[in-house]
1. With the chain treated as a Gaussian network of Cα nodes joined by springs under 10 Å, which of Asn44, Asn52, Asn62 yields the largest mean-square fluctuation?
2. Is the chain rounded, prolate or oblate when judged by the Cα gyration tensor, a ≥ b ≥ c being the square roots of its eigenvalues, rounded requiring a/c under 1.5 and prolate requiring a/b larger than b/c?
3. In nm, to one decimal, how far is the Ile85 label point from the Leu166 one, both placed 7 Å along Cα→Cβ?
4. Hand me the GluC sites (Glu not before Pro) from the range 19-103 located in a DSSP loop with no more than 12 other Cβ atoms within 10 Å, in residue order please.
5. Of the residues Ile227, Ile28, Ile125, which exhibits the maximal mean-square fluctuation in a Gaussian network model of the chain defined by a 10 Å Cα contact cut-off?
6. Subtract the Cα-Cα distance of Gln234 and Phe105 from 0.36 nm times their separation in residues, and report this length gain in nm to one decimal.
7. Roll a 1.4 Å probe over the protein chains and send me the accessible area per residue for the range 215-265 in Å².
8. Taking R0 as 25 Å, what FRET efficiency do you get between Asn44 and Lys137 from their Cβ-Cβ distance, rounded to the nearest 0.05?
Amino acid sequence: MKTLILLLFLVSCSSTNLSSYTPYNVSIKPGEVKLLSLKTPRKNAKGKVSCNNQEIPYLENNGTISIFLAETYFSKLKPFSCQYIEKEEKVTIANIKIEKKAFPFEQLSVDRKKVFYSKKDLKRILKEAKQLKLVYKGNKKDVFFNGPFALPIKSKVTSIYGTKRLFNNNKNSQHLGTDFRAKLGTSIRVSNVGKVVLADDLFFSGNTVIIDHGLGVFTMYGHLSKISVKVGDQMNKGHVVGLSGMSGRVTGPHLHWGVKVHGHWVDGDSLI
Ligand SMILES: [Zn+2]
């Protein structure tokens, strides 16, 4: 009997011993997002998951935890790890290696006022930056998305994510979204189930809709001619958020589609 109790004790210890966890090896490129499904380090995991010292929301389901892993465009290519932390215990669940990626270059000419800002515009830009910071905080632990993400429009991509840009021969920036060719008034559809967290006219992206999909994932639809939704609306995949247009800082009518994960703009293509 004593042996049996000892055995049971050992079995129960080994099933909850975090140090016995074998970490996953994952590689990711700058500006990429990956949905990872990892074996749950502990039954009914209630601890925290942290990647590169940033707490990441996760979903636990049937012995796996799912997280979106995102790497910034501005990556220093330094490897990092993800940890599961519960009370005093900490275990590495994934080791992340960053692979190099090259991005293309383009030159654009836009309205001078959208590159050299007036005092009034600068005030507006700063106010909107504050507003957006709050929007992207969201309630990250909610999970709204369901199944794979979809493109917001079936059309030719005119500028890919990560393109280095020179505006009016003067100002450098990076294009941290995807541009699609879109005739004025084309229906723009939401990429997945989510909640509208912004529906407003912004200086750079014009008439803009932002959707919270949960687990730290947001999609953004810019330069619309018409917004068809309001903050708080629940969206199903494929619902129309508005019509394409050329509001904000543009060279012509198109859709700008942005994907933000854990505060980083990432390539929407890697989410599909
Ligand atoms: Zn764009």
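The values are calculated or read from the model by the stated rules, or taken from the named source; none is laboratory data. No experiment lies behind these values; they were computed from the predicted model shown. Backbone-built Cβ (ideal geometry, glycine too); neighbour counts: all protein chains shown. Please note that ligands, DNA and RNA were not included when accessible areas were found on the heavy atoms of the full protein model with its side chains. Shrake-Rupley method; radii C 1.70, N 1.55, O 1.52, S 1.80 Å.
1. The residue with the greatest mean-square fluctuation here is Asn62.
2. Judged from the Cα gyration tensor, the chain comes out prolate (a/c at least 1.5, a/b above b/c).
3. Distance between label points: 4.5 nm.
4. On the way: sites: Glu32, Glu55, Glu60, Glu71, Glu86, Glu88, Glu89, Glu99; in loops: Glu32, Glu71, Glu88, Glu99.
Qualifying residues, ordered by number: Glu88, Glu99.
5. Comparing Ile227, Ile28, Ile125 in the GNM, the peak value goes to Ile125.
6. 42.7 nm
7. 36 Å²
8. 0.40
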